[in-house]
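As structure tokens, the structure follows; a few thoughts come after it.
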Amino acid sequence: MMNLLCKRRGFSLLELIVAISILTILVAGIVPLTRMTAKRTREIDLRRNLRIMRTALDDFKKSYDKAVDDKKIPVTENKSGYPETLQQLVEGYDFGGLYAFKKKFLRRIPVDPMNPPEPGEEPEWGLRSYSDQPDSNTWGGEDVYDVYSLSEGTALDGTKYREW
């Protein structure tokens, strides 16, 4: 009896095939889930970055309007009160002395996770000015009223990233 147990070591070919088949089925189910999870994470980052920039644009506009109301800066015709560029949100603006310092609204321009820049390049976003149409794909250049992703991709919910 002891002799039979000692001779039987390892796995049979059938056991190996069954184990590999089970592992293959598990991996085939996990790979799509990880891809979807990665895409969902990038979509969450995109929504957050858009919200951050749009909030900064709105805060800039509120500060500009307050400076006009307090007569710190003169009312300028054809000026909406939004920043001229996204970079102005990073560099800051003094609003005619409304604040004792140059008020900054962003530390840096966030990256579009669906359209990441090449290493060493600045992040690119689609821009709309105050005078542009809401669905415009070209920037009027007067100011930055809104931002959107330049990605042509489609989200998990079926919408285009450009429309967010």
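Just so it is clear, none of the values below were taken in a lab; they were calculated from the coordinates. Predicted model only: the values in this text are computed from it and were never measured. Cβ atoms come from the backbone with ideal geometry, glycine included; neighbour counts cover every protein chain shown.
Structure notes:
- Scattering curve values for the stretch 72-164, log₁₀ I(q)/I(0), Debye with Cα scatterers, q = 0.17 Å⁻¹: -0.86
- Over the chain: helical MRE at 222 nm, DSSP H runs n ≥ 4 each giving -39500 (n - 2.57), nearest 500: -14500 deg cm²/dmol
- In units of the rule-of-thumb radius 2.2 N^0.38 Å, the stretch 78-125 shows an alpha carbon radius of gyration of 1.41.
- Structure-derived Cα Rg over 2.2 N^0.38 Å - corresponding label in (1) 1.80; (2) 1.35; (3) 0.95: (1)
- Full extension of the chain between Ile30 and Asn78 gives 11.7 nm of extra length, using 0.36 nm per residue less the Cα-Cα distance.
- Vicinal HN-Hα couplings computed from phi for the stretch 111-116 (Karplus, 6.51 cos²θ - 1.76 cosθ + 1.60; Hz; Gly/Pro x): 8, 7, x, 8, 9, x
- Given charges at beta-carbon only (K, R positive; D, E negative), |dipole| of the chain in Debye: 1200 debye
- Compared with the dominant Cα axis of the chain, that is its longest principal axis, helix 13-69 is turned about 10°.
- One decimal place: the segment Lys160-Ile22 gains 45.9 nm when fully extended, by the rule 0.36 nm per residue minus the C-alpha distance.
- Among the GluC sites (Glu not before Pro) found in the stretch 67-98, those both in a DSSP coil and sparsely packed, with 12 or fewer other Cβ atoms within 10 Å of their Cβ, are Glu77.
- Among the listed pairs Lys39/Lys79; Lys61/Lys160; Lys103/Lys160, a Cα-Cα separation exceeding 30 Å is found for Lys39/Lys79; Lys103/Lys160.
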